[in-house]
Number of protein chains: 2
Amino acid sequence: HPFFVLLRQSSGREGMIAACCKHSCTLCILMHQGLSQAAGFLLCVEDFEVVCKGLYRALCIREKYMQKSVQRFPRTPSQYLPCAPWYSPLGPVFTPPLKDGQDPFETGNLAEDLGYHLEMKDGVVYIYGDKAAVGRKEPKDLPYPCLEHFVDDMNFLLALIAQGPVKTYAHRRLKFLSSKFQVHEMLNEMEEMKEVKNNPHRDFYNCRKVDTHIHAAACMNQKHLLRFIKKSYRVDADRVVYDSKGKQLTLKQLFQQLNLHPYDLTVDSLDVHAGRQTFQRFDKFNAKYNPVGASELRDLYLKTENAINGEYFATIIKEVGSDLEDAKYQYAEPRLSIYGRSAEEWHKLASWFNRHRVYSPNMRWMIQVPRIYDVFRSQNFLPHFGKMLENIFVPVFEATVNPQTHKELSVFLRHITGFDSVDDESKHSGHMFSTKSPKPEQWTSAKNPSYTYYIYYMYANILVLNNLRRQRGMNTFLFRPHCGEAGAITHLLAAFMTADNISHGLNLKKSPVLQYLYFLAQIPIAMSPLSNNSLFLEYAKNPLPDFHQKGLMVSLSTDDPMQFHFTKEPLMEEYAIAAQVFKLSTCDMCEIARNSVLQCGLSHEEKAKFLGENYQEEGPQGNDIRKTNVAQIRMAYRYETWCYELNLIAEGLKAE
Amino acid sequence: HPFFVLLRQSSGREGMIAACCKHSCTLCILMHQGLSQAAGFLLCVEDFEVVCKGLYRALCIREKYMQKSVQRFPRTPSQYLPCAPWYSPLGPVFTPPLKDGQDPFETGNLAEDLGYHLEMKDGVVYIYGDKAAVGRKEPKDLPYPCLEHFVDDMNFLLALIAQGPVKTYAHRRLKFLSSKFQVHEMLNEMEEMKEVKNNPHRDFYNCRKVDTHIHAAACMNQKHLLRFIKKSYRVDADRVVYDSKGKQLTLKQLFQQLNLHPYDLTVDSLDVHAGRQTFQRFDKFNAKYNPVGASELRDLYLKTENAINGEYFATIIKEVGSDLEDAKYQYAEPRLSIYGRSAEEWHKLASWFNRHRVYSPNMRWMIQVPRIYDVFRSQNFLPHFGKMLENIFVPVFEATVNPQTHKELSVFLRHITGFDSVDDESKHSGHMFSTKSPKPEQWTSAKNPSYTYYIYYMYANILVLNNLRRQRGMNTFLFRPHCGEAGAITHLLAAFMTADNISHGLNLKKSPVLQYLYFLAQIPIAMSPLSNNSLFLEYAKNPLPDFHQKGLMVSLSTDDPMQFHFTKEPLMEEYAIAAQVFKLSTCDMCEIARNSVLQCGLSHEEKAKFLGENYQEEGPQGNDIRKTNVAQIRMAYRYETWCYELNLIAEGLKAE
């Protein structure tokens, strides 16, 4: 009989166990014995209780930080575990799609100015009714972060992931999840395929898929960039495009100065593709952003600020957008950089965005902040880390408070759906984040703060910002850092507390407890195995298929098509290679595509259109196979499996 | 110093060893010690002599069979080894490309009829001046095959590949070739890249690449077929397209009968893609050729003979051809089937080809013959195996002798460049080919002959045919069977004797001697790792990178885009995945692309245009980096390495 096929779609704690199988077949009975084993035999009773309490508290911590910052936490855990007191059903606010004829750059509908006063204190922007309120220490009634609590919670989690019984338990549960999926596959593969085959007019090709992690500066493939450079030369050879220390250069003169002729340029001489030389060499990889090794060409073609106001870069991005629109079912979330070097960056970027009307219905924008305070500090661009945070966040708060006086930026922010934190995670920082860490304004040394320090202060400001923006009826931002690509596993812990979802997550391999927590909380992970293959991990060793089997919520993304991909459709290339090498079924691929839509910053309206009206329901009820092409059997399996694990923890809590 | 960079481009036996390094660096000295080790220490002197004599004779055997059948054998071996007496510099004849305005279906330039008499004897077509000459046993003066010699040579090779010292020697040499390439790469990778980067206007994208192994019936990808079916329904719903046991059905009626509506069809329900279910299941794979599992749709869309005279199939193929023309640098060699079930097949196929003008400058055609005599015999379509051979070959001989009376077929043959032999190699045949095997006319049992039996009789007829056609100034055919995808290694031995080049070759993994011989004779191998991944061997375990490193002449091909590929450019997908998973460099990819052009049936004129005027020269002299983007350092390394191995054998022969 089809194992796990029939099950109640929502069930109480005891109900759940019985529900997974209507018949009492040996296999299901064996699986239930698995429960008692996990609950009793393997761990002694006290240990089991400790483990469950620990995992429960970890989930509560994440729920708290997600709710407070207007980010997402699933509803199902609270059906099994006592609902946290701070539970609020309010979620992130996304800008709705344009109505017919609506201008994406319209400024007529901006909210009124409030004239509030902003001031950064200990690295966090506080909002006051007026300047006088600052002295009275009476900020506006908004949730503000509390560093002490955060550090307490972090220390609890640090202890938890190192605790022996918790590690054993998480390890065993993960192993169980793997085996269970394999059993599911063997028994139900044909059933899933039948469902998918009988689903009319929908297949992997016309399922919506979102490139959940891609950098704007590398969002075109190498061939596209090459063609663009050649075309620009044919059209614009005599146009002044470059300012070389005050000397105006035409495109022709620029190429002459570089001793190049665009006609001779090839993908090889362009040299923007990662190869064997970049493996384990993030530094070399970064240098690849310079076409022909010339930073002048990077400035001209891949930057928003230059003598032509970033026109070429905008044009290339719009071409990529138009390719996505042609492909119809593909979307992308490119990242643009804010460095925090100066307070002007936001306005310049917004002006570029508005001037060139960089809009595509198939793109949603994100802001990435490179963790390179040390570079700016050593060149004396910044007096302390606090200034960097100010440069990154104050302009956004200002535009939120006074949209009328910051029209361009306000429009731009409407198109932004989240923040990313980027850089080489393998660079170790000696710093250990604690309550004793210098406050950002006191961080004057040229040393870079730790990953966690960066993450905390980004989260802290996004928390205040999101609450303010929600109050004002504006869209809010998700925090979606690069995390777990390399470096310490504490990165993944910081993101567990602060991030709506992450990119990479490779290092979850190394911590069973965190991996299990990412499963329990269903934290989306945008994975890029082709990028990893060039930088950190060979393709065949990528944990994506393992995570996917266990039921972690993974999506596929390209990271940097310019550097990693060969074909005209990088996202399809990414899916195709994963399908081939990992032997994914149609159902697997469609599930991953569905995950990508759930993970991304597309609006509620779009998600409802792409996934079905009930997409916010968890489990099979939230799936519309006609839209997603994911078999209901698969959805039921995933949901049952998730509930089963949550229920185990609930059992442990009850035992107490 | 750049190791192996400088070397004489042609050198005598002794010269060679000194030439690989101008300086006396430790590494080169160590490599030379490798020579003495191979020649002396590892094997005793007598064994070494025996090995070299054996390998030498094996190469002579291949040279003989290639020369006799107007196929190719490289020239370099004869510079090191005593030139065989039968050496003739005449090679295959390819149809030149069309001149401007020339009609590919023109019949005005066909040769005159000769009225010769044809008769098959012992499975081989003999040509007589007239019927009377048959009685006199006076066939025309053409080379005819000799079964006894063939079996002698085969038995010699069978013994050779099982001989202990030969196996040790080949194994050690292959290991050496691997390590040597790795050393080359470590030392010269940057030099190669520099060369390639400095090569103006040429990169991997605009290097010519040929899909050297692709089946016409699966040459479109699944999405293309789906779109075509939907489109045909929109346009042709009321057209009579199918003959169901005498009942004429319109397209609408046909779909009604199948209980389908094309609007609902998806890639999933079409179900032509290989998945996990096809691994190790060639039978299931073959069934995938039926869209929606309905042989009616295969008949309608993927066959040349049906109620609409194969119009849809022709249209799809022409669309694929036009995609290739758009891509400009991609070519394909699709296979069309001749089954040998009836004598009419050739004329029907030629008529389809001419009627629908199935021509693209980016396609060269091949004929595949499935090894399914047993199926036809058991259904009593054929009295004996000889009849099958007659059906396959006599029409071609007839059209060659009397082109004027077989105009359509003669035109078709002008576009054909070779024969392929196809089927599941893993099916074992109990038969062992020898002089005592029944002659084809006596092969009346329903058992299928062995792979070698099939191969010999195809080769034997192609030999006569090619000599006849060369005499008449017509294009000749290459024999390019599927070989070594699965089954016994004797398949690879038969192809070593008879085939210009092969498809797959996976099983060379299993026989060091054959692998070494394929290297020494530089026999091209069209490999399809994505196809293997779905059928016989996981992607990461594919020997392609290993063969390529050792210097075997491998190309990349798609086999069946409909079943294996996801994107619009299957050949690029094949290259991209290989590049990613096997971490190929640009130079590697361009070398493989160059191999594909050398291997294929494109004309001399096209090859000269795509690879450079001197492409027939072996070694760096034959390479024009401006066309191929293959570094001269790589070419020099390959040539030096090849010469070195040939020279070792020469040393062994001299020792005697």
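Computed from the coordinates by the stated procedures, all read-outs in this text should not be read as laboratory data. In this text, all values refer to a predicted model and were calculated from it rather than measured experimentally. As a convention, Cβ positions derive from the backbone with ideal geometry for all residues, glycine included, and neighbour counts pool all protein chains shown.
Using the alpha-carbon atoms, what tilt in degrees (0 to 90, nearest 10) does helix A:570-582 show relative to the longest principal axis of chain A? Between helix and principal axis, roughly 30 degrees. 3J(HN,Hα) along the stretch B:373-378: 3, 4, 5, 5, 5, 5 Hz, from the Karplus curve 6.51 cos²θ - 1.76 cosθ + 1.60 with θ = phi - 60°, whole Hz, x for Gly and Pro.
For B:Q163 and B:D122, the FRET efficiency from 1/(1 + (r/R0)^6), where r spans their Cβ atoms and R0 equals 41 Å, is about 0.85.
Ranked for footprinting exposure by Cβ neighbours inside 10 Å, fewest first, A:Y289, B:Y454 give A:Y289, B:Y454. For the residues of B:561-568, the average number of beta carbons from a partner chain within 10 Å of their own beta carbon is 3. Across the cross-link table entries B:K348/B:K387; A:K284/B:K568; A:K64/A:K140; A:K167/A:K654, which are compared at the Cα atoms, the separations over 25 Å belong to A:K284/B:K568.
The packing ranking of peptides B:393-403, B:185-195, highest mean first, is B:393-403, B:185-195, where packing means the average number of other beta carbon atoms within 10 angstrom of each residue.
Which residue, A:H273, A:V292, A:P262, has the largest displacement toward the positive end of the dipole of the stretch A:260-340 when charges sit on each Cβ (Lys, Arg +1; Asp, Glu -1)? My answer, from the dipole projection, is A:H273. Could you work out how far the C-alpha centroid of the stretch A:254-278 sits from that of the stretch A:596-637, in angstrom? The stretch A:254-278 and the stretch A:596-637 have Cα centres separated by 44 Å.
Charge tally for B:K197 (other residues, Cβ to Cβ under 10 Å; Lys, Arg +1; Asp, Glu -1): -4. Projecting 7 Å from Cα along the Cα-to-Cβ direction, the label point of A:G430 sits 8.0 nm from its equivalents in the other copies, listed shortest first.
Distances, shortest first, from the label point of B:V375 to those at the same position in the other copies read 6.2 nm; the point lies 7 Å along Cα to C-beta. As I understand it, the value is the acute angle between the Cα axis of helix B:26-36 and the longest principal axis of the Cα atoms of chain B; what does it come to in degrees, rounded to 10? Roughly 80 degrees, rounded to the nearest 10. Amide H to amide H, which residues 5 or more places from A:Y242 or on other chains are under 5 Å from it, using H placed in the peptide plane? So A:Y242 has HN proximity to A:L249. Its relative contact order, with pairs defined as Cα atoms under 8 Å and 6+ residues apart, puts chain A at 23 percent. Partner shielding of A:475-483 amounts to 0, given as the average count of beta-carbon atoms from other chains within 10 Å of each residue beta-carbon.
Distant-in-sequence amide contacts of B:T304, defined by a placed amide H-H separation under 5 Å and a gap of 5 or more residues or a different chain, comprise nothing.
The modelled label-to-label distance for the pair B:E148/A:D100, using points 7 Å beyond Cα in the direction of Cβ, is 8.8 nm.
Neighbour counts of C-beta atoms inside 10 Å place A:M388, B:M589 in the sequence B:M589, A:M388, starting with the fewest. Under 5 Å between amide hydrogens, built in the peptide plane, is the criterion, and for B:M120 it picks out B:Y126 among residues at least 5 positions away or on other chains. Estimated from helical segments only, the mean residue ellipticity of chain A at 222 nm is -15000 deg cm²/dmol, where each DSSP H run of four or more residues counts as -39500 (n - 2.57).
Among the listed pairs A:K223/A:K427; B:K328/B:K609; B:K137/B:K447, those with a Cα-Cα distance over 22 Å are A:K223/A:K427; B:K137/B:K447. Label points for B:A446 are taken 7 Å from Cα along Cα→Cβ. From this copy to the others they lie 8.8 nm apart, shortest first. Against chain A, whose longest principal axis is taken from its Cα atoms, helix A:147-162 shows a tilt of about 50°. What percent antiparallel are the DSSP beta bridges of the protein assembly as shown, to the nearest 5? Once the DSSP bridges in the protein assembly as shown are tallied, antiparallel ones form about 30 percent. Quick one: net charge of B:L142's neighbours, Cβ under 13 Å, K/R +1, D/E -1? Neighbour charge sum, excluding B:L142 itself: +3.
For the pair A:L90 and B:A111, a Förster radius of 60 Å applied to the C-beta separation gives a FRET efficiency near 0.10, rounded to the nearest 0.05. Among A:H428, A:H482, a tally of other beta-carbon atoms within 10 Å of each Cβ gives an order, fewest to most, of A:H428, A:H482. Spin-label model, B:E344 to A:H261: label points 7 Å out along the Cα-to-beta-carbon direction sit 6.2 nm apart. Ranked by the mean number of other Cβ atoms within 10 Å of their residues, highest first, the peptides A:376-382, B:271-277 fall in the order B:271-277, A:376-382.
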